[in-house]
1. Could you compute how fast the chain diffuses translationally, taking Rh as the Kirkwood radius over C-alpha pairs and applying Stokes-Einstein at 37 °C with viscosity 0.692 mPa s? Give it in µm² per second.
2. Hey, which of these cross-link pairs are over 20 Å Cα-Cα: LYS210/LYS237; LYS92/LYS337; LYS92/LYS210?
3. How much length would be gained if the chain were fully extended between ASN461 and LEU69, taking 0.36 nm per residue of separation minus their Cα-Cα distance, in nm to one decimal?
4. Taking trypsin sites (Lys or Arg not before Pro) that fall in a DSSP loop and have at most 11 other Cβ atoms within 10 Å as cut points, what is the longest piece of the chain between them?
5. Based on Cβ point charges of +1 for Lys and Arg and -1 for Asp and Glu, what charge dipole magnitude is obtained for the chain about its Cα centre, in debye rounded to the nearest 20?
6. For region 79-224, what is the percent of antiparallel DSSP beta bridges, rounded to the nearest 5?
7. If you take every DSSP beta bridge fully contained in the chain, what fraction is antiparallel? Give it as a percent rounded to 5.
8. Would you work out the relative contact order for region 377-467, in percent, from Cα pairs under 8 angstrom that are 6 or more residues apart?
Amino acid sequence: MHSNSERGGARRPVNRRGLRVVSTVAAVGALAAGMALVVTTSASAATTLGASAAERGRYFGAAVAANKLSDNTYVTILNREFNSVTPENEMKIDATEPQQGVFTFANADRIVNHARGRGMQVRGHTLAWHSQQPGWMQNMSGTALRAAMLNHVTQVATHYRGQIHSWDVVNEAFADGSSGARRDSNLQRTGNDWIEAAFRAARAADPGAKLCYNDYNTDDWTHAKTQAVYNLVRDFKTRGVPIDCVGLQSHFNPNSPYPGNYRTTLSSFAALGVDVQITELDIEGSGTTQANTYRNVVNDCLAVARCTGITVWGIRDTDSWRASGTPLLFDGNGNKKPAYDATLAALNGGTPPPTTPPTTTPPPTTPPPGGAGCTASVSLNSWNGGFVATVRVTAGSSGTNSWAVTLTLPSGAAVTNTWNAQASGNTGTVRFANVAYNGRVAPGQSTEFGFQGTGSGTGLNPTCTAG
Ligand code: 9MR
């Protein structure tokens, strides 16, 4: 395992911005004034994974199973902690096209509606894969299989057009071991270009979704499989094949431990001009050791600007595909584990607590420099007839408890879909308010929301109001 000098599991979150110092100063003042003291430590730190990730412009997600949406404990944790979901099995090929040409979306739709109704993002998993193929597809080959695969990609991506933040377009296409070769499969035998064909079909069907290549055992930068995926992405970027992101599944266990060069892997992929997403994180173990590894993974992601989100592969240990390895953040009763505390503390910018008491500098008598309120900026991904706008909200010197962004769409344009914000109106001047988990943004920090629209999105000029 990665050597690690940090010690201890749960720690009181202390954030980098030193706000705990401020609350200490306020407490001293309150004592001096003879007032009753209510201790509110860490008042500034976010208290859920999703809220904390959102403050850093990232998401924190979980794999979700449709048949658990009636489990109260499960749903309570899901709704409280996460701002992204990945259907664990419900979007796979066997689930969505059980008979050729017969598409069933009921279970996946339940997850998508649950998530989007609460402002959560959805990762689509997965459009083309050698595994979990329905029987009819397993028995196909050659041009018929290629056509069936492309039709599947098109139909499923079209059904969810505008609702998916990122798609795992192709999953697990490389072989394990030292060969660096493609995995043999019926899809691979249709021709080496099957992966790029799938990406092109996905882009055409849902131009607003980020398109990812997703795989496991691609965490260690020195491994042949990692290098093979890196070369694929580099080749796609060079030739203009549409690809926006790489998913590192990151299933860690004694046979496949967290590598000390993980951050190098994240930053190397990011340097190719793609986002990096940690898509199926689980870490077998328990206690402090497990907590430290979660902390390392989060810190590595936070250190790479284009590491845009983390998804854990289940909620409670008992929900895991590897339940016996207790690899998740909540125990079987839904209680937070040390791994949870370490993850939240790392997201909050947690560093080891100071060994000396904070110095008592006098409180400032004038407000700190820099504007209060908030600012917003838009980046646009446009195509003929539509666009996706990503809006970055940055808090001024006071931070925000809530925010709203208004902008005026060009005539003919309309918002069709919004994530990480609540839209009022869909044409003309549209107002986007924060959702529950991303209203609070610390001074100078940012969070992002997005929307998809029809028509043109050029010239958007957002104004931001802080509450
Ligand atoms: O967690 C999934 C489990 O419920 C399924 O039985 C299994 C079948 O292949 O797939 C699991 O999810 C896998 C994911 O789709 C792709 N990466 C590996 C995951 C764990 O096996």
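Read the figures in this text as sums done on the coordinates, not as results from a lab. Small disclaimer: the values here were computed from a predicted structure and weren't measured. With ideal geometry, Cβ positions are generated from the backbone for all residues, glycine too; neighbour counts draw on all protein chains shown.
1. 141
2. LYS92/LYS337
3. Stretched fully, the ASN461-LEU69 segment lengthens by 137.2 nm.
4. Values: sites that count: ARG7, ARG16.
Answer - 17-467.
5. 1020
6. The antiparallel proportion sits near 15 percent.
7. 55
8. Working: 231 pairs, mean separation 40.4, N = 91.
Relative contact order, region 377-467: 44 percent.
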